[in-house]
1. Net charge around A:Asp62, counting only other residues with Cβ within less than 14 Å of its Cβ (Lys, Arg = +1; Asp, Glu = -1)?
2. Chains A and B: buried accessible surface, both sides, probe 1.4 Å, rounded to 100 Å²?
3. Do any trypsin sites (Lys or Arg not before Pro) in the range A:183-258 lie in a loop, going by DSSP, with at most 12 other beta-carbon atoms within 10 Å of their beta carbon, and if so which?
4. Between their Cα atoms, which of A:Lys476/A:Lys599; A:Lys662/A:Lys714; A:Lys435/A:Lys515; A:Lys598/A:Lys687; A:Lys476/A:Lys515; A:Lys359/A:Lys559 are more than 31 Å away from each other?
5. Restricting to DSSP loop positions (anything but H, G, I, E, B) with no more than 16 other Cβ atoms inside 10 Å of their own Cβ, which GluC sites (Glu not before Pro) remain in the range A:317-367?
6. Kirkwood hydrodynamic radius, the range A:11-130, all distinct C-alpha pairs: what's the number in Å?
7. For a label point 7 Å from the Cα of A:Ser450 along Cα→C-beta, name the residues of the range A:403-427 whose backbone N is under 20 Å from it.
8. What dipole magnitude, in Debye to the nearest 20, does the range A:70-226 give about its Cα centre under +1 on Lys/Arg Cβ and -1 on Asp/Glu Cβ?
Amino acid sequence: MSHVLTPRIHLSLSIAGSSEYLVYPPESINVSIRSDEQCLDIQWTVHLHNYTLNLKMIFQIDIYRSTLSNTVENKNYTTTLKSNETLQWCWHSVLPLECTSHFVRIRSMVDDERFPESRIWSSWSPPVVSKGQESSGEFHIFPNDIMYAEEDSSVTFCCISRTDNDKIEFFYEDRYMQGIKLSSRTTMFEVKNVAFVRRQGSNAYCKLDSSIDGVVLYVGGVLEEPKDFSCQTRDLETLNCTWHPGRDTLLPEHLPNNYSLFEWFSQKKVNCVHRNWCAWQLAPDMQDTYNFTLMAENKLRKRRTSTFFNVNQQVQPKFVGEISIENVDATEATLRWQIIPNQKNLTFLCQIEVYDNEKGIEYNTSNSEFTLSGLQPYTAHSVRVRCCIASHFWKWSEWNSKNFTTKEDTPSGALNIWRIVEPVSGGYNVKIFWKPLPTFQANGKILNYSIAMETLGKVPKVDIFFSDSDSNSTEKIIDEQPYQISVAAINSAGSSIPSVIVVSGNTEKSIQNIKEDRVNGTRDGIYLSWKPDSEETESYVVDWCNYPWDAICDFQWQKFGSNITSAIIRSAAFQSGVRYNFKIYGLSTKHEPYLLAKKTGYTQELALDCKPEVTVDNLASTSLTLNWKDNCTDEPQYGFFKGYHIYKKPEVEEPCDSETEKQVFSDNIVVCMYTVSDTKQKTFNVKKLQPNSTYSFEVKAFTGGGDSLAGIIKVTTGTHENTNLMMTIILPMALFSLLLIIGLNLKIQWVKEKCFPDIPDPYKSSVLSLMKFKGNIHQAILNTSDCIPDAIEVVNKPEISKTQGLRTILVGNEITTPAYLYLLPVGKDALDSQACICFENFTYCQAASDSGSCSQNQMIPTDQMMSVESSEHLLKVDKDYIRPFGNTPAGEEVSLNYVSQLAPTMSGDKGNSSPNLPEPAHCSEYKMQMVIPAGLALSFPPEGDRPISVASLDQLEKPC
Amino acid sequence: MWARLRLSSLFGLTCGLLWLCPAAGSTCPVYQTLLCQLKNMAKKDFLKAFMTDQGLNSPHLNETCTGSSDFPVTETLKDLPPVTFLQTVSQTVRLIEQKLNEPVFKRMHIYLQGIDNNVCCMLQALLPAPAACPAPASRRTLSPTPTVGSFSWKLERCKIIQSYQRFMEAVGKVLETWGASPGQRNRKRRSLLNVLLGQRRKVRAG
């Protein structure tokens, strides 16, 4: 309801003068409230002249509360005026319009190029008021009862009291909220970012004393624009438009989202019942092109989306009924179907897929029928068809499927046959085996098998009999002549090509002469190979039993081409630890088989199930003998029995010798393994053991599958045998050494005898016996003092220089007393090992005393003289001594001549021996005479002087 | 006897689950079962669920729901003769049905129909006359109801349900005084006229 506050009259003015301008002030201003939209509806009119039709104008609209200073809207509204048109504009207010009064005033201005001089604002219209409820004297909340808002938006409420300054409280979902006082009776409350709480809405209410007035705020999700909006037809009669409406707005059921379709060409509109699809009736002959707009709207928002299309290009064909299958025979069948829309201007492309049990084949056609050919006889087929518009693909129709079975045909191919021939009395028992034809060759249900046996002997005879359809073998006893056996499969359409095999008794006898070879198995099967046979061999056949231990052994065979000489025989029935026996035949071009080879083997060998019992014999310190007993045999259910493994495990680790093989077990125990390859050998000598050591021996029978259980024994070897060692090594060595010593001794004696004969003992001289002395024998010996010595001519020699280093000590005495000349080598060893050599002759000293060189030597004027010389010098002297005169080099003057070698014995002069001078223990009683060179001339020291030797005292103290 | 009780209980349980015992055209349960069912049905609380659903279970709005009731209270009902009592229950229930004839109250509506049917069966047990059930009353012209889902609608429906709840509480209390067989009652019967006159006197005196 609106009120014009000040009635005024507005005129269009035409000012005379140089220029004219147009002014059309707004008239009949009416203001009202549209509560559901919270919209202030402003309507006004303009009184126009005829010549000002379609005049462009601007209207300025001011909206304010209470006073002009509180303007809440200033809008320029532009429009082109039409005659008698009521202008209208709706102002949406955030604050509920009932909360307070709103004033509206409008002014206008011509904004037309035709009248540029008229761009002058008219005067403001008198304000028109939209009265609020603040002075109603009633307690209210606005908006009242129901309102709607989108999620996360802000909502403004106001509470109006009955009288001024009443205390009003506001609650939103029981949450007290502070308000803003708009007037003495009106308070505004703003709830920001409202959220969905429940489908039944959120309660907002004002409380004044005990009175409550409220509003339910329904918060919904934002209405989304429909997506994937598209239309299609299945029959060109009905158009089906679909879209995705987006997420649920969660508005209550009585406030649904409404969807409608509007078509622009036909200007028709349809309200959609469903929220995601809508149907539209087509007029196929009237209209091909459509321009649809989908409108979605609810209390809060409107959305729209459009699509433009030719309906003939958006056709998804549809089958009418099922496809039919006609004229089905063994290899062909004809398909027919009906599809809509069936307008003549439409062409279709149809896709056909045919499946049998194994494969699928695809065909394409533009017709509504299709003949399938090349089908497998007596086979279930599945066929399905789908079509689309060929001129413009839109969508495939749904698949239309059907099943059918082709009729039977004559079996193709030939049976795979084989035989077993066993001699019986008077002939052979022949077992004929065949494998059922696979489905693709049987071409129908096999009714039976025909077996024809024709003799190849002189008297031809044919015996034909039949076997059931579910059989795969037959048995017949034949005589010794060869037979040709033909087997064929028969179904309702006919018979297969007969398979032929010739059974010749003579050939079978050769089986005994062929040795059976062992073959190795693999995970996949058992590998066989054979030598290629003659050129007449058409193929090879390997036969075996899947269950060789069973009476019904499940006889199997496999054929190979003539160019194949090896194969891996596979079978699901093969098991580990089962020995399979294979026979390999050549099949001649005359269909006559002949045995080529026999093989035996395992897919995987197993260890034997036995345990040797071990004993020990001949236990010695380094060897022993192991004996064992067992029940291990070469039985087919485990593996090929290859011998025994003997494991030696010493308590103290020791290396394996060359005869053994080192084995390291999983627990890092190292053992030495002997291999006994002879399965019949039950004893084994173990050598090279360590004495006094403990060994564990394990004896295991082994196959390719591993070792059997072990027979274990623990043995400790004996101690070391010294006697034997002595007997064998040391004693012979000792005897040999003894003999060698004896021999050497004899040799030394012999050499001594020959080279250094003993000086005859004067006491034992035969002269003594001739003199026939009576009494003491010593009395018979002459005393040197009694002898008159011969003169000795001593010639000084320059060779004295050769005796440098030789210490010569001449011990002189009074002439009347015998003096001893000691020639001793310098050095301990020499003293130790050399016997003393003594000269007892004064003549040496006399000659030497004349020599000046004598002073260089030590002359000991007592009998306690000792001379120390090097052994080298001694030897030289000795050598010189034994040198014969005749060997004197020419030019050298012989200065020394032997006079007499008789010397008085020392034994009679014991009283002269000094305690400081060691007496030679083994001094010969004969003193060897020796030449004293001139350089070593004796000199006699002054009387009273002690004899001095350059040798050390130790040397001197050393006994001879 | 025990087996019969068990069967009756089973039937009662079935009815209770279905909330509906068709009166016309089918056999009514035995009186004792009906009585038991009615007592149980009178205890059903619809107010709490409604207030929770509508977000009215706040202290301020709770008070607003609570108001005076237009339906007879315990003091009024307890002095009514059984037939009159049952007819009053039937009429009141039908009035509430009429007021709550909105999709939101669909389940409650079915429940109320079940109560009405059971009351009808009880009346058949009490009255020798063949058609004891009150004829469906012509729909009253109700005062204009506020917009469904509005705040005033919520409060008004809350008040109606609350009144119903009070009324059924009173009905339950009266039924507790009823004996195991039809016609048995612990207290002296009074006519509805006497009851109403007594109420008027009380009001005037008050």
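The values are calculated or read from the model by the stated rules, or taken from the named source; none is laboratory data. In this text, all values refer to a predicted model and were calculated from it rather than measured experimentally. Cβ atoms come from the backbone with ideal geometry, glycine included; neighbour counts cover every protein chain shown. The area values use the complete protein model at the heavy-atom level, side chains included, leaving out ligands, DNA and RNA. Shrake-Rupley method; radii C 1.70, N 1.55, O 1.52, S 1.80 Å.
1. Its environment carries a net charge of +3.
2. Summing both chains' loss of accessible area gives about 1300 Å².
3. Values: sites: A:Arg185, A:Lys192, A:Arg198, A:Arg199, A:Lys207, A:Lys227, A:Arg234, A:Arg247; in loops: A:Arg185, A:Lys192, A:Arg198, A:Arg199, A:Arg234, A:Arg247.
Here the trypsin sites (Lys or Arg not before Pro) that fit, given the DSSP loop and packing criteria, are A:Lys192, A:Arg247.
4. Among A:Lys476/A:Lys599; A:Lys662/A:Lys714; A:Lys435/A:Lys515; A:Lys598/A:Lys687; A:Lys476/A:Lys515; A:Lys359/A:Lys559, the Cα-Cα distance tops 31 Å for A:Lys598/A:Lys687.
5. In loop regions of the range A:317-367 (DSSP not H, G, I, E or B), the sparsely surrounded GluC sites (Glu not before Pro) are A:Glu322, A:Glu332, A:Glu358.
6. Numbers: mean 1/r = 0.0662 Å⁻¹.
Computed over Cα pairs of the range A:11-130, the Kirkwood hydrodynamic radius comes out at 15.1 Å.
7. Answer for this model: A:408-418.
8. 420 debye
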